[in-house]
Amino acid sequence: MSEFLFSYGLFIAKVVTGLVALIFAMAIIGGARKKEDGSSLKITNLNDKYNELRSTVQQSVMDKKAHKALLKSESKESKKEKKSAKVVKARPKLFVLDFEGDIRASEVETMREEVTALLSIAEPQDEVLMKLDNSGGVVHEHGLAASQLLRIKDANLNFTISVDKVAASGGYMMACVADKIVAAPFAILGSIGVLAQLPNFHRLLDKVGVDWEQHTAGEYKRTVTMFGENGEKEREKLKLELQETHVLFRDFVSENRSKLDIDKVSTGEHWYGKQALELNLVDELITSDEYLINALEEFDIYEISIEIKVGLQDKLLGGLFSSLSRFQNGLASAENNSKYK
């Protein structure tokens with residue numbers, strides 16, 4: 001057993017030495033060259049994407065002769081349309097954004113750039129579709145996300161939000177900004193309510209003889225705490241703050257969707273797509289895929305996204321932390337195996 005522990009300790013020492021050397025080398029690399037970090041705007045023409053998809057399927061299911069005849073026919077038709085058209089009128093554009101939310105609405109930083117980009121070139125006849133998937137989270141983060149979407153509405157562009165999975169709580173705060181909300185039949189919507197929850201370790205700390213001190217200036221600088229003893233005064237203050245936030249949430253939704261019975265839908269409940277349609281939480285039941293396919297004939301469709309570039313140093317560190325995680329799991333597994341042999 002002692003021989004195993006010695007070998008194990010020697011191995012750990014070697015690994016730590018190697019990691020220190022690697023981190024030192026990365027620090028030198030990071031200081032010797034400019035960072036590659038940054039972001040770039042990516043524009044994807046979805047008309048081309050769908051046409052290419054259709055062409056691929058046709059080529060796969062049709063025999064060569066029939067496919068060749070189809071291509072020839074389409075080419076002739078295209079030339080005929082161009083020749084007969086004296087004035088080629090530009091088609092309206094449909095700009096597509098994609099927002100996948102988390103508790104902190106982290107994508108708002110890239111979304112604000114995407115909104116700025118499309119507003120810089122959008123014309124009055126253009127429209128915007130956002131594919132939203134967001135189950136809510138921190139109030140002020142989602143409030144900022146909703147404010148960014150209000151910029152589209154304030155620009156007088158026809159704005160639709162599509163919900164395939166979920167737009168609840170802070171997610172619905174974002175969705176209600178749109179002129180039109182469409183959703184899949186089993187998408188989850190609503191949850192217009194406010195929640196605060198936290199564990200309290202006071203009794204556990206008291207049991208093991210640990211004191212927790214908290215000093216504040218201002219009667220309500222802190223209300224409930226995770227480590228101290230909470231009284232009714234602190235709890236009542238927190239409940240009051242939650243009620244005030246709920247009122248702000250209700251008012252915001254009501255202002256943006258005036259046909260809602262806000263008292264009926266602001267109970268904190270959520271509903272599936274069909275139920276949400278009956279409650280006026282959404283305007284139509286349709287998936288984002290179907291919505292886009294229906295728009296192909298009328299619009300030139302462009303998906304706008306911000307791609308984050310990761311520098312060499314971050315790539316190396318990311319790989320390092322991933323390797324460390326696997327190494328830690330391997331050690332734990334080895335330790336368990338040695339214990340139970």
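The values are calculated or read from the model by the stated rules, or taken from the named source; none is laboratory data. Computed from a prediction, not measured in an experiment: that's the story for all the values here. When we count neighbours, we look across all protein chains shown, and the Cβ atoms used for this are built from the backbone with ideal geometry, even at glycine.
Things to note:
- Listed conditions (1) touching a residue at least 40 places away in the same chain (Cβ under 8 Å); (2) among the acidic types (Asp, Glu); (3) closer than 18 Å to LEU195 by Cβ are all met by GLU236, apart from (1).
- Flag for SER191 being more than 17 Å from the chain's Cα centre (by Cα) and either modelled with pLDDT under 95 or of a type in the set (S, T, N, Q) (or both): yes
- Where ALA295 falls short, out of the listed (1) among the small types (Gly, Ala, Ser); (2) at pLDDT 95 or above; (3) surrounded by fewer than 18 Cβ atoms within 10 Å (Cβ to Cβ): (3)
- Inspection of segment 243-262 finds a residue satisfying the criterion of being surrounded by 11 or more Cβ atoms within 10 Å (Cβ to Cβ), small (Gly, Ala, Ser) and either closer than 30 Å to LEU277 by Cα or out of contact with any helix residue (DSSP H, G or I) (no Cβ under 9 Å at 6 or more places or on another chain) (or both).
- Verdict on VAL115 being outside any strand (DSSP E or B), β-branched (Val, Ile, Thr), more than 17 Å from ARG250 (Cα to Cα) and without any contact (Cβ under 8 Å) to a residue 40 or more places away in the chain: yes
- Of all the listed residues (LEU242, LEU204, LEU281, LEU260), the sole one being among the hydrophobic types (A, V, I, L, M, F, W, C) and assigned by TED's automatic domain parsing to the domain that holds VAL182 is LEU281.
- Residue, surrounded by the fewest Cβ atoms within 10 Å (Cβ to Cβ), within segment 142-198, restricted to residues that are in contact with a Ser or Thr (Cβ under 6 Å, 6 or more places away or on another chain) and farther than 20 Å from ASP289 by Cβ: VAL194
- Lone unmet requirement of (1) more than 17 Å from THR245 (Cβ to Cβ); (2) touching a Lys or Arg at 6+ places or on another chain (Cβ under 7 Å); (3) buried (at least 16 other Cβ atoms within 10 Å of the Cβ) for THR216: (3)
- Matching residues, segment 246-296, being of a type in the set (Ser, Thr, Tyr) and either more than 25 Å from ASP98 (Cβ to Cβ) or not in a helix (DSSP H, G or I) (or both): SER254, SER258, SER266, THR267, TYR272, THR287
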